[in-house]
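**Student:** Below: one structure in structure tokens.
Taken together, the values in this text are just the output of simple stated rules run on the coordinates, not laboratory data. Here the structure is a predicted model, which means the values were calculated and not measured. All Cβ positions, glycine included, derive from the backbone under ideal geometry; neighbour counts span all protein chains shown.
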Amino acid sequence: MPLVKNFVPVLQQKGYPYKYKEWNDGHSWGNWREHIDESLEYFFPATPLAAPKEKSTAPKKFKLGQNYPNPFNPNTVINYQLSMNGEVKLKVYDVLGREVRTLVDREQAAGNYETIFDASGLASGTYFYRLLVSSSGSQAGAESETRKMMLVK
């Protein structure tokens, strides 16, 4: 088998780029492993065609999920997603519209959230939970959604 260095003049004559390197005579596994990355980089350059775009993890829209389980006794989970940062209020009301519990009342960043509603001490019946998000602490630009849930004891 002819030596690789004898192939160099052919590459030069054709105008092909080349990288020629002779390694020591020890053709051991360790020697091969030590230099294989250089060879692969030459034949398969690691230059990306385009940089991958970063994916945004913030939800695209405001959403209040249905609680689960529903009906429940005495605990249920409420999920919601915020598409913007803002002052968040999640409150529970009885059928007469009276506020019975505040579950969330704080500033939150855009993202997905989950809270547990413990209805211990409340009577069986229909309740409503309302999520209100205002962007600047005012009602201007506010988003709101209300859902119904059933407490069965």
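**Student:** Here's a check for you: in segment 128-153, which residue that is assigned to a strand (DSSP E or B) and over 31 Å from the mean Cα position of the chain (by Cα) is surrounded by the fewest Cβ atoms within 10 Å (Cβ to Cβ)?
**Tutor:** Among those residues, the one meeting the criterion is MET150.
**Student:** Next up: What residue, among those in segment 113-127 that are among the polar types (S, T, N, Q) and in a loop (DSSP other than H, G, I, E, B), is surrounded by the most Cβ atoms within 10 Å (Cβ to Cβ)?
**Tutor:** If we take residues in segment 113-127 being among the polar types (S, T, N, Q) and in a loop (DSSP other than H, G, I, E, B), then SER124 is surrounded by the most Cβ atoms within 10 Å (Cβ to Cβ).
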